[in-house]
Amino acid sequence: MELKDRLGKEVIIFDGAMGTVLQQRGLKAGDVPEKLNIEKSKEIIDIHKSYLKAGAEILTTNTFGANALKMEEIDYSVEEVIAAGVENAKAAVMESGLEAAVALDMGPLGELLEPMGSLTFDEAYNLYQQQVLVGVEYGADLIHIETIADLYEARAAVLAAKENSNLPVFCTLTFEEDGRTFTGGSIRSMISVLEGLGVDGLGLNCSLGPEKLEPLVEEVLKYSETPVILQANAGLPVVEDGETVFKITPEEYFKPISRLYEKGLAVIGGCCGTNEDFISLIAENLKNKKVKNRTVTSESLVCSPSQYLKLDGINVVGERINPTGKAAFKQALRNGDLDHILKVAVEEVDAGADILDVNLGLPDIDEKEMMVKVIKELQGILDIPLQIDSSDPEVIEDALRYYNGTAIVNSVNGEMKVLENTLPAVKKYGAAVIGLTMDDNGIPDTAAGRYKIAERIVKKGAEYGISRDKIIIDCLTLTASAQQEGVKETLKALKMVREKLGVKTTLGVSNVSFGLPARPVLNRTFLSMALYQGLNLPIIDPNDQEMMAAVKAAAVLNNLDQGAAQYIEYMAENESDNDSKAAAENSGENNSKADLKTVIVKGLKTEAGRLTEEILQEKDALEIVNDYLIPALDTVGERYEKGEIFLPQLVQSAETVKEAFAVLKAEMARTGGRDISKGKIVMATVKGDVHDIGKNIVKTVLENYGYQIIDLGRNVNIKEVVKAVKENEIKLLGLSALMTTTVKNMEKTIKAVREAAPATKIMVGGAVLTADYAEMIEADYYARDAKEAVEIAKKIFKE
Ligand code: THG
């Protein structure tokens, strides 16, 4: 049977680690494993063969880092390395006489994507595309994307794989113990996004041992309709005598695997620290076994990377990102003033919106370009799902491509042409879609007529492979002043759709009151009536507290908000918000200074620059740094540590402070005032380690706390570090190492610096480091993350 037919029915055995096995065979820190495809192909073929003998049915090519960014450092091209990689795996299959598929392995690119880093989505896509094309040319049987920590990068890789090949695509992400990826991605968002893109297998790899990953894999098994993959590490690596060792035995490794097999795991292999013994134990027990049936909880949901939203109760869609009737918004769109738009968005989120509708339709702007820009900016500062509102299928397609999550498309209607132009993109990106109950003949007068169109949309959706739980029907609000009898038909149609079609419903509520006085009363009453009929997604202005209160109340009265918990919480928060607003107004104080802090916490860059200039009229630069910038960053750091915000928002706030700093620096240059730098820090990623993502994040954050960073880059020689430390009389040095193999070089660097500059304090960080290990290699401080690095710097540079 073909692999694709067996997938999800019979357990499929993957191979185990390549990198750690190569290290055991003498690969040195800093050596590029992919080079060996060409220089030591026999050794690579040997390792593949050992996995085949152990029972692996899929071999992963030794091409984890074979992308153009990483291959810059070696003498071979991406094409040479991947061609050799695929050929080695094929040769192993041939020589062994066993049957196995060859998976083109693609790992992370090694640089962060926007907004956290500088790599664009398109650049990431192009890098992966290049790998896919070579893999296909040389005959890979499937594409395996693995160890990805950023959902956006996973999306780029999966799209590159699917758009440039017909091969099955597997994708596994790497999670930390808190159930999130390094950039804050959640399990549920991963499932929603990858399943939406139509991958053939999804799951987890690397990071922890199978026992620690067990609850996370259970969550995937509970919610993923797609076959589930696990390739865990042989436990967390520990460093003993400068060597990295994985402590778990094959037997210990297999125990949780066998439990997960009972729960429906479909594809099983190993990651760092595993070898043929691990694979052979799995194969002995599970090869060719039937995948256990599991009940999948299928739910309507939309998501951002860090937050998913179950569409099961009442969820408010904020309508304010929309130029209709708003001169200021139109002007902002024409001027490309994104900050105005972002401010509107932040306000809506603060007011309690669950989803934001994004409509940028103005005849005299390039809607497509603007839509992509706004989406990229919005997803850098917010983490609630978006609703793409456009009548142009091309705008929708691009918006869905660059949106890092599962969005709602607003909208299609019952016209065949519209359905045919829009549904393919909805399906391709796994979005949900709003269907308006109108067609070429307009809006039917009767509820039955609208229901019929709703039925047609659901049917057409099914033809494109869009399931009911991704369809939301809008029975269309009519205006009470002009079509009074139509209002009740809308409500009737809504009830029919809810009860008979069983899909979710939405309505733009405020239409109802056009042309009549006291519109809020009509809006609120209509909203309540619609909620009684089962409206799920009211599109409203969330800043209207009465409307929001009606939504919260209806959730209680419809028995959706058990124990009225959310109602009580909302009312309590609202009261205190209103109190503090009133207090601020009464005190008559100009709020712009308090606002600068908020603006930084929210990540509004242009606004931060503008406010800083304003405050400079009254205060000097250093005061601004100490009174506003630092406290704002402290707040952001605390929220990051609590898991309330994630890496994209942390970096965004740091970048926002950069804008404020730029204004302050310009002012210092003009007036020749005091130096606002809080001290000089040298930073470097140690010799042998080319991974500098972590170091770069820490650098950005430290810079924005006011420290001057002398960045020596990555793979830095010991001598170079010593020289920089001595020449600049450095009080604090930061060293980073991501790989277990380079920690040894970190120790050597520390020794050399100690001899040359005994007064310099050294902090260390990196994925594999622990406080214990930092102490062992005689670093002064261990910085778990950027926030801790700041605490250390504060201690060293006490004023
Ligand atoms: N169904 C679906 N989508 C929709 C609608 C709908 N999208 C657009 C609209 N209707 C809902 N969104 C808005 C957005 C802005 C305004 C109203 C509805 C708005 N209204 C002010 C008014 O009502 O007078 C005008 C300006 C102002 O007060 O600032 O701004 O029905 N699927």
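Laboratory data are not the source of any read-out in this text; all were calculated from the coordinates shown. Bear in mind that the values here come from a model prediction, so they are computed numbers and not experimental data. Quick reminder, even Gly has a Cβ in these numbers, built from the backbone with ideal geometry, and neighbours come from all protein chains shown.
Comparing the range 89-185 with the 2.2 N^0.38 Å rule of thumb, its C-alpha radius of gyration ratio is 1.18 (two decimals).
Rg/Rh, computed from the Cα trace of the range 491-540 with Rh as the Kirkwood radius, has the value 1.02.
Converting the Cα gyration tensor eigenvalues of the range 127-269 into ellipsoid dimensions via √(5λ) gives semi-axes, longest first, of 26, 18, 15 Å.
Spread over its residues, the convex hull of the C-alpha atoms of the range 237-284 is 74 Å³ per residue.
Placing R0 at 41 angstrom, the Cβ-Cβ distance between Lys417 and Asn166 gives a FRET efficiency of 0.90 after rounding to 0.05. Across every pair of non-identical alpha carbons in the range 710-796, the mean reciprocal distance, once inverted, gives a Kirkwood radius of 12.9 Å.
For the range 310-426, the average shadow cast by the Cα convex hull is 7.5 nm², which is a quarter of the hull's surface.
Beyond 18 Å in Cα-Cα separation lie the following of the pairs Lys761/Lys795; Lys495/Lys552; Lys726/Lys761: Lys495/Lys552.
Remark: C-alpha extents of the range 646-799 on the principal axes read 46, 36, 25 Å, sorted largest to smallest. Distance between the modelled labels on Asn559 and Ser481, one decimal in nanometres: 4.0 nm (7 Å Cα→Cβ projection). The percentage of C-alpha pairs in the range 194-278 whose separation is greater than 16 Å is 50%. Here the peptides 406-417, 353-364, 181-192 are ranked by packing, the mean other Cβ count within 10 Å, and the order with the highest first is 181-192, 406-417, 353-364.
Between the beta carbons of Tyr464 and Ala756, assuming R0 = 60 Å, the FRET efficiency works out to 0.35 to the nearest 0.05. Evaluating kT/(6 pi eta Rh) at 10 °C and 1.306 mPa s, with the Kirkwood radius of the range 359-409 over Cα pairs in the Stokes-Einstein relation, gives 146 µm² s⁻¹.
Spacing of the modelled spin labels on Lys255 and Asp634, each 7 Å from Cα toward Cβ, amounts to 4.6 nm.
Checked against a 29 Å cut-off, the cross-linked pairs Lys368/Lys642; Lys605/Lys699; Lys330/Lys428; Lys602/Lys744; Lys222/Lys255 give Cα-Cα distances beyond that limit for Lys368/Lys642; Lys330/Lys428; Lys602/Lys744. Measuring how big the range 405-549 is from its alpha-carbon positions, Rg and Dmax come out at 15.0, 45 Å. Here the chain carries DSSP beta bridges of which approximately 10% are antiparallel, counting only pairs with both residues inside.
Under 17 Å of direct C-alpha separation, and excluding same-chain neighbours fewer than eight residues apart, Lys287 reaches these aspartates and glutamates: Glu2, Asp5, Glu10, Asp15, Glu57, Glu99, Glu251, Glu262, Glu276, Asp277. Hull volume per residue, based on the alpha-carbon atoms of the chain and their convex hull, is 174 Å³. Per residue, the convex hull spanned by the Cα atoms of the range 203-334 measures out at 183 cubic angstrom. Our note on the geometry: Cα centres of the range 8-87 and the range 536-573, 55 Å apart. Partner aspartates and glutamates whose Cα lies under 14 Å from the Cα of Lys28, excluding those fewer than 8 positions away in the same chain, are identified as Glu243, Asp689. Taking only alpha carbon atoms, the range 603-683 gives an Rg to Rh ratio of 1.00, where Rh is the Kirkwood radius. Using the Cα coordinates of the range 512-555, the gyration tensor eigenvalues translate into equivalent-ellipsoid semi-axes of 17, 12, 9 Å, sorted from longest to shortest. Computed over the range 6-54, the P(r) curve from all C-alpha pair distances, binned at 10 Å from the origin, holds 22, 47, 20, 11, 0 percent per bin.
Bridge orientation summary for the range 431-552: considering DSSP beta bridges with both residues in this region, about 10 percent are antiparallel.
By the compact-protein rule of thumb, 2.2 N^0.38 Å, the alpha-carbon radius of gyration of the range 321-362 corresponds to a ratio of 1.11. Taking 7 Å steps out from each Cα toward its Cβ at Glu262 and Ile568 produces label points 3.9 nm apart.
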